[in-house]
Amino acid sequence: MNFSSKLLQHAVEEFGRLPGIGNKTALRLVLHLLKQQDGEVARFTQAITQLKEQIQYCKVCYNISDEAVCEICTSVKRDKTTICVVEDTRDVMAIENTNQYQGVYHVLGGLISPMDGVGPADLKIEGLLERIRQGDIKEVILALSATMEGDTTIFYMYRKLKEFHISVSTIARGIAFGGELEYVDEITLGRSILTRVPYEKNVG
């Protein structure tokens, strides 16, 4: 792609670093920003700067939060005895949109993937185990994507959770293998949460 301006090229290259953004889309976004009023561009850049500088991760569940402890963890309406384990914040948002779950969450921050050099120590698994040791937890729902990495992570965590003698369940497989939670429609995901099954039934 030939650019008439080094500044334009640099901006397009930076936008192109974002996931799912190709050069053509990056160029379209940059040209759109150039057409906006200075105040609108300033608000855009301020929002990104504030996000990076002020965002926090909940010290309880590791979800993205504005405060040290997120609104879900502090809510008196949530069932603190049930923890839904997810890969990242996008999965929390997807499940919340179903309005079918009233427990709390634990965000792992990824999935076990030896091919990518991600092992159990790289995830927030120990934080979950500590929550179970300290709290009155009755059930852990392993709501991870139906992928090889997701299944590997579920199997590893199930072995760790067995010692606590609590209910360990997984979401029902209305989700096709290879599917990621954030892309599943709300009705299917909501039913998968409601019709979750004990994990030991899947171990054969």
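Here, each number is a calculation from the coordinates, and none is a lab measurement. Computed from a predicted model, the values in this text were never measured in an experiment. Don't worry about glycine lacking a Cβ; one is built from the backbone with ideal geometry, like all the others, and counts go over all protein chains shown.
Please arrange 69, 86 by how many other C-beta atoms lie within 10 Å of their C-beta, fewest to most.
Least to most surrounded, the residues fall as 69, 86.
Quick check on my link table: of 52/138; 59/160; 77/138, which ones sit more than 26 Å apart, alpha carbon to alpha carbon?
Long pairs (Cα-Cα over 26 Å): 52/138.
Fewest to most neighbouring Cβ within 10 Å: what's the order for 51, 108?
51, 108
Counting other C-beta atoms within 10 Å, and keeping those with at most 11, which DSSP coil GluC sites (Glu not before Pro) do you find in region 57-100?
67
Could you list which residues have their amide H under 5 Å from that of residue 103, counting only those 5 or more apart in sequence or on another chain, with H placed in the peptide plane?
79
DSSP loop (so not H, G, I, E, B), at most 12 other Cβ within 10 Å: list which trypsin sites (Lys or Arg not before Pro) in region 1-109 pass both filters.
17, 77
Ranking 157, 148, 115 by Cβ neighbours within 10 Å, fewest first, what do you get?
By the 10 Å Cβ count, ascending, the order reads 115, 148, 157.
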